[in-house]
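The values are calculated or read from the model by the stated rules, or taken from the named source; none is laboratory data. Source: prediction; values computed, not measured. We place every Cβ from the backbone using ideal geometry, glycine too, and count neighbours over all the protein chains shown. Note: accessible area is taken over every heavy atom of the protein model, side chains too, but ligands, DNA and RNA are not part of it. Shrake-Rupley method; radii C 1.70, N 1.55, O 1.52, S 1.80 Å.
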Amino acid sequence: MAPKSDRPNYFRDHLAKTGDRALLKMDHYLDVYHDLLRDWQGSDISFLEIGVYKGGSLDLWQGFFGPKAKLVFADIDPECRAMERPGLTIEIGDQSDGAFLDGLAARHGPFDLIIDDGGHKMNQQTTSLRHLWPHLNDGGLYVVEDTHTSYWPGFGGGLRKPDSMVEVAKQLVDQMHSWYSDEPHFKFYSAAQQIGSIRFHDSMIILEKRLHGKPRSLTARNGAVSYSTVQVDSRNRKSVF
């Protein structure tokens, strides 16, 4: 296997191979996906993307993952069903409808990779995350594209609006660290046991699901390693040591 730095960027190479079904992505997404997913190419993952639009992403992802993958797409437009073909399934429904999402996940989940490239409105993005996150496998990734709409009032967003997708993700950063809270009003959240990382890119948020117990620190000396949960268990400390 070639070093990562020497591997071609499938996503950029794909642009020259596109057909009459338009592919619409922010340009820098192609590099983010290359860095994020290059080790997943050709794998037998279970994949869901919300948003079909003109259908260009069907070719993109089917070409990237290949015949071993289980590919599911969802869109609100019934005409998208006509683009269904061997190797991929298209479900029709509203991503702001929790019942639709629950049914989709029951039929096709759990998933290793979920991409929300749907309507980009706040209630759509946050409802989808809330209903689909439980159906993401341990080690899986949940990607929300076009999160710049969190700053567009016409999409239900606005700077620091509490229920925007960006602000919800910021709250998850706090919840991920709720193991360590010294403040009585900051309760423990289950997100602390489920989120491995949250990455913010321009217009894109990536959440990694990583189920884990209480974090621990380690000390290594003379080849011997010992572990401690003191960073989590202690309160009102003045030093990390």
Complete set of residues in segment 225-241 that are assigned to a strand (DSSP E or B) and either open to solvent by less than 60 Å² (accessible area, probe 1.4 Å) or touching a residue at least 60 places away in the same chain (Cβ under 8 Å) (or both): 228
Qualifying positions in segment 106-137 - free of Cβ contacts under 8 Å to residues at least 40 places away in the same chain and out of contact with any Asp or Glu (no Cβ under 9 Å at 6 or more places or on another chain): 106, 121, 130, 134
From 57, 150, 128, residue being within 19 Å of residue 199 (Cα to Cα), among the polar types (S, T, N, Q), over 12 Å from the mean Cα position of the chain (by Cα) and assigned to a helix (DSSP H, G or I): 150
Number of positions in segment 97-111 that are within 16 Å of the chain's Cα centre (by Cα) and either open to solvent by 40 Å² or more (accessible area, probe 1.4 Å) or polar (S, T, N, Q) (or both): 1
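Looking only at segment 157-187, which residues are assigned to a loop (DSSP other than H, G, I, E, B), at pLDDT below 95 and either open to solvent by 90 Å² or more (accessible area, probe 1.4 Å) or not acidic (Asp, Glu) (or both)? Quick ask: steps written out before the conclusion?
Within segment 157-187, the subset assigned to a loop (DSSP other than H, G, I, E, B) is 157-164, 177, 181-187.
With at pLDDT below 95 added as a condition, the list becomes 181-187.
Answer for segment 157-187, where residues must be assigned to a loop (DSSP other than H, G, I, E, B), at pLDDT below 95 and either open to solvent by 90 Å² or more (accessible area, probe 1.4 Å) or not acidic (Asp, Glu) (or both): 181, 183, 184, 185, 186, 187.
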Test: residue in segment 139-148 that is open to solvent by 30 Å² or more (accessible area, probe 1.4 Å) and within 18 Å of residue 126 (Cα to Cα): yes
Pick from segment 62-96, criterion open to solvent by less than 40 Å² (accessible area, probe 1.4 Å) and without any contact (Cβ under 8 Å) to a residue 24 or more places away in the chain, ranking: nearest to residue 15 (Cα to Cα): 91
Subset of segment 181-213 [more than 20 Å from residue 33 (Cβ to Cβ) and aromatic (Phe, Trp, Tyr)]: 186, 188, 189
Count of residues meeting criterion [among the hydrophobic types (A, V, I, L, M, F, W, C), part of a loop (DSSP other than H, G, I, E, B) and either at pLDDT below 95 or closer than 20 Å to residue 146 by Cα (or both)] in segment 60-92: 1
Members of segment 42-61 found to be of a type outside the set (Phe, Trp, Tyr), open to solvent by 60 Å² or more (accessible area, probe 1.4 Å) and closer than 18 Å to residue 120 by Cβ, listed by number: 54
Single residue of segment 197-224 satisfying the filter (open to solvent by less than 40 Å² (accessible area, probe 1.4 Å) and not hydroxyl-bearing (Ser, Thr, Tyr)) that is farthest from residue 148 (Cα to Cα): 215
Qualifying residue in segment 205-223 (condition: part of a strand (DSSP E or B), aliphatic (A, V, I, L, M) and in contact with a helix residue (DSSP H, G or I) (Cβ under 6 Å, 6 or more places away or on another chain)): yes
